[in-house]
Protein chains: 2
Amino acid sequence: MKIFCTQENLNQGLNIVSHLASKSTTLPILDNVLVKTEGGTIELSSTNLEMGISCQIRGKIEKPGKITVPAKLFADYVSLLPNEKISIEESDKKIYIKCTDQETTIQGMSAEDYPLLPSLEKKNKIQLNVEELKEAIRETIFAAAYDETRPEISGVLMKIREKEIRLVATDSYRLAEKVIKIEKKQDLETETILPTKTLQELIRILSISTVENLEVYLAENQALFCLDEIEIISRAIEGSYPDYQQIIPKEYKTRIIANKEDLIKTIKTTSLFARSGVNDINIKIRPNQKEMVVSAVNAQLGENVSRLEAVTEGEENEIVFNYRYLLDGLQNITSEKVVLEIINNTNPGVIRPEEKVDYLYIIMPIKQ
Amino acid sequence: MKIFCTQENLNQGLNIVSHLASKSTTLPILDNVLVKTEGGTIELSSTNLEMGISCQIRGKIEKPGKITVPAKLFADYVSLLPNEKISIEESDKKIYIKCTDQETTIQGMSAEDYPLLPSLEKKNKIQLNVEELKEAIRETIFAAAYDETRPEISGVLMKIREKEIRLVATDSYRLAEKVIKIEKKQDLETETILPTKTLQELIRILSISTVENLEVYLAENQALFCLDEIEIISRAIEGSYPDYQQIIPKEYKTRIIANKEDLIKTIKTTSLFARSGVNDINIKIRPNQKEMVVSAVNAQLGENVSRLEAVTEGEENEIVFNYRYLLDGLQNITSEKVVLEIINNTNPGVIRPEEKVDYLYIIMPIKQ
């Protein structure tokens, strides 16, 4: 193999694919990126066996071939080169790199031993806006279960119904749901549970790329995301997602609308006095006084009572939440004002942006 | 005790003193800050027994007294309050804090049990510019010995001679020396070795404070730094600092002047191929070709040769350095161009800024 390309193109390609490769420790060859020149293009790719990323870069192929190269070293090295022409030649499982005043040899491994990336047929295309998808993933992913004792909730559900995709995540203490509208009505109803690692990697790549729209293909056991010259493919988590709709409260007894930043600050202040491990703060809503009172008592440290003015509606009410779950939800809402709806201290509370109906966050109370 | 002050003043004072207090785990009371109202002023202070920080804040004293309060909780809490008037009342080892819509109780500990801060007589005052001292500490502190097997080189030497202070640090592999001019000739010759922790805390406080000049008092076993309402006192490290002057080379055989950023980039690139743990890179200087050639060979990874144009003088020469020590020194030089002087591969190399004579960095070669 012998190829030529610019430092800029190679650097960008390695930025896309090398991050995933650097993370694996099971099979040494998974620390490498695959460089190959099939079909007249230069392609870089990496896989951790759960997902695969490939990226085509522009350049000239003098002699076709393929090899795998240690991802981190290759990416770090190329990132430090000046933006000039680079020549890369492969011979005897080594690559020889030349760029201006630099000459380098890197020890590689045979491409024959590199695992094949899975593939998915491109049918039932869904076109999405990159920013919208990134936001939707960020607004839900944090609520997914951290450990994998219940694998089906350790990922994010992507559920297609007609003209929308719903992203849902829950760890059974709280749940986040975001709806994205899509233009073309989908005939197929699919439910795909994607690992959080895949979505984190997807967000990282969407943030580097300058592309505005991407194509998404979802099947029950796989998902494919295409951004121009980049393709990200991932296996899905097996299992059925819990029927979460039934726990979303259909009504409320008390409702407040508060400034989001003020509410976050109040909760942070009171949270300093929450009991460690329990993280409990008490919220009283007093419609007559048009205020909410947030308080916490800690026998070792002391106690705090904070009052916050709010638009209130319904009856006087009281509920205890884990303040971390509250803050997680509030910090992912982008509107200036937020709505909190509660029934009593045994039913979940609902948080949503004041003006949008596309996002919902539910928290279970701490029963006392 | 009952006092009133603004959130801004209290927050700034806690910012200064609480950081030190939060670091101690030996004596529980050292996690606290001392609040006291002696002599008509409100004073906050903290100590870790090695150093002490005190800060006076403006406010109104309704009833004098003193108490100690958990530093981190107090500082975190006050930082979240709005910038309004705060009232603080002490009773039965608790403090009661009121501010707008907030009421808080924090459990404290008796001030009687708090260790006394050491004190130093304010004589032989040296006035220094805050920015200059901060820069001088940053340019030397990184070279101090990391472990404390030789305590006398685990700190930074501050040496006063007539109209200058010299800051020196070494770990016996490299040495940094910075000279600060002072206006008033000092009669006393002192040498004070200050712990790196003290200087890190000093840099932190100098960076928060808006004061331009500070007063420094140095004695053999103590040092005092005064910035308006803030005082920082520290014990010095016992022992005599090694006679480092004798290892500073008086001559050179080969000298180059290179652009600092280019040199850093070249060293970083080659360093990717240095042997792990040894960190060795080879530098060849070829005056005839007006270049330096930096190279590294690693049996596992591969190898690299990089060329860099430079102004060269003297004979052809070669030396092997630990690239980390080289980068440490170069990254602390503020000038655009740097000078590297070497004799051979058994004598230390010298790095300095091209135009200034106030800074010197020496590195021992790796003998082969």
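Some points to look at:
- Residue with peak Gaussian network fluctuation, chain A [Cα springs, cutoff 10 Å], from A:355, A:313, A:238: A:355
- Inter-chain shielding of B:296-303 (mean C-beta neighbours from other protein chains, 10 Å cut-off): 4
- Note on region B:249-363: dipole from Cβ charges, positive end direction compared against B:279, B:293, B:306; the farthest Cα belongs to B:279.
- Extending 7 Å from the Cα toward the beta-carbon at both residue B:346 and residue B:215 defines two label points whose distance is 5.3 nm.
- Sorted shortest first, the separations between the residue B:164 label point and its copies elsewhere in the assembly read 7.5 nm; each point sits 7 Å from Cα along the Cα-to-Cβ line.
- Hydrodynamic radius of region A:24-172 per Kirkwood, over alpha carbon pairs, in Å: 18.6 Å
- Rounded to whole Hz, the Karplus (6.51, -1.76, 1.60) HN-Hα couplings of region A:152-168, x for glycine and proline: 5, 9, 7, x, 10, 7, 10, 10, 9, 9, 6, 9, 8, 10, 9, 9, 9
- Choice from A:137, A:182, A:232 with maximal GNM fluctuation in chain A (Cα, 10 Å cutoff): A:182
- Rounded to the nearest Hz, the phi-derived 3J(HN,Hα) couplings of region A:172-177 under the Karplus curve 6.51 cos²θ - 1.76 cosθ + 1.60 (θ = phi - 60°) are 6, 9, 8, 9, 10, 9, where x marks glycine and proline.
- Within chain B: Cβ-based charge dipole about Cα centre, in debye rounded to nearest 20 (Lys, Arg +1; Asp, Glu -1): 340 debye
- Inter-copy spacing of residue A:248 label points, which lie 7 Å from Cα along Cα→Cβ, given in nm from shortest upward: 7.4
- Think of chain B as a dipole: +1 on every Lys or Arg Cβ, -1 on every Asp or Glu Cβ, centred on the Cα centre; then among B:96, B:141, B:333, B:333 lies furthest on the positive end.
- In a reduced charge model with +1 at each Lys and Arg Cβ and -1 at each Asp and Glu Cβ, the protein assembly as shown shows a dipole moment near 20 debye about its Cα centre.
- Between residue B:163 and residue B:284, residue separation times 0.36 nm minus the direct Cα-Cα distance comes to 39.6 nm.
- Using a 7 Å projection from Cα along Cα-to-Cβ, the label point at residue B:60 is separated from the same position in the remaining copies by 8.1 nm, smallest value first.
- Two-site label geometry, residue B:189 and residue A:123: point separation in nm, points 7 Å out along Cα→Cβ: 9.1 nm
- CD proxy at 222 nm, helix term only [per DSSP H run n ≥ 4: -39500 (n - 2.57); per residue of chain B; nearest 500]: -6000 deg cm²/dmol
- Cα-centre dipole for region A:248-363 with unit charges at Cβ (Lys and Arg positive, Asp and Glu negative), debye to 20: 180 debye
- Based on Cα contacts under 8 Å between residues 6+ apart, chain B shows a relative contact order of 12 percent.
- Prolate/oblate/rounded call for chain B, Cα gyration tensor, a/c under 1.5 rounded: prolate
- The length gained by stretching the chain between residue A:354 and residue A:8 to full extension, at 0.36 nm per residue less their Cα-Cα distance, is 120.1 nm.
- Modelled FRET efficiency - R0 25 Å, residue A:92 with residue B:368, Cβ distances, 0.05 increments: 0.30
- Cα gyration tensor shape of the protein assembly as shown, rounded if a/c is under 1.5, else prolate or oblate by comparing a/b with b/c: oblate
- Gyration tensor verdict on region A:121-279 (Cα atoms; rounded if a/c is under 1.5, prolate if a/b is larger than b/c, oblate otherwise): prolate
- For residue B:238 and residue A:173, the FRET efficiency from 1/(1 + (r/R0)^6), where r spans their Cβ atoms and R0 equals 56 Å, is about 0.50.
- Calculated FRET efficiency for the pair residue B:228/residue A:253, C-beta based, R₀ 35 Å, to 0.05: 0.05
Readers should treat all values here as calculations from the given coordinates under stated rules, not as data from a laboratory. From a predicted model like this one, the values you see are computed outputs, not experimental measurements. Don't worry about glycine lacking a Cβ; one is built from the backbone with ideal geometry, like all the others, and counts go over all protein chains shown.
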